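The values are calculated or read from the model by the stated rules, or taken from the named source; none is laboratory data. Computed from a predicted structure; not experimentally measured. Because the Cβ atoms are built from the backbone with ideal geometry, glycine has one as well, and the counts that use them run over all protein chains shown. In case anyone asks, the SASA skips ligands and DNA or RNA and just uses the protein heavy atoms, side chains included. Shrake-Rupley method; radii C 1.70, N 1.55, O 1.52, S 1.80 Å.
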Amino acid sequence: MVAREDDKILGAQEVADLLDMNVQMVRKYAREGRLPAYRLPGGRTFKFFRSEILAYLRRFPVDTDEMAAEPT
């Protein structure tokens, strides 16, 4: 997927907040290639395109009927 010119660039903490995940898990998933992420040459931090993260989430739809049937 190619990011749009007006796409927002997110840091690992922003992605963690968006996905309601621990920031260390976001970094681990980025290192493993499970999340689409980029590093600048010589950089240590990951950068993410918001549109790519949202597209990643769309690949895993949630069945709300199944969730309602599960005991809590």
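Summary of computed values
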| item | result |
| --- | --- |
| Rounded accessible area per residue of region 29-68, 1.4 Å, Å² | 79 |
| Sites Gln13 and Thr64 - FRET efficiency at Förster radius 35 Å, r taken between beta-carbons, to 0.05 | 0.75 |
| Packing-based order for 6-15, 47-56, using average beta carbon neighbours within 10 Å, highest first | 47-56, 6-15 |
| Span per principal axis, largest first, for the Cα atoms of region 20-68 (Å) | 47, 20, 16 |
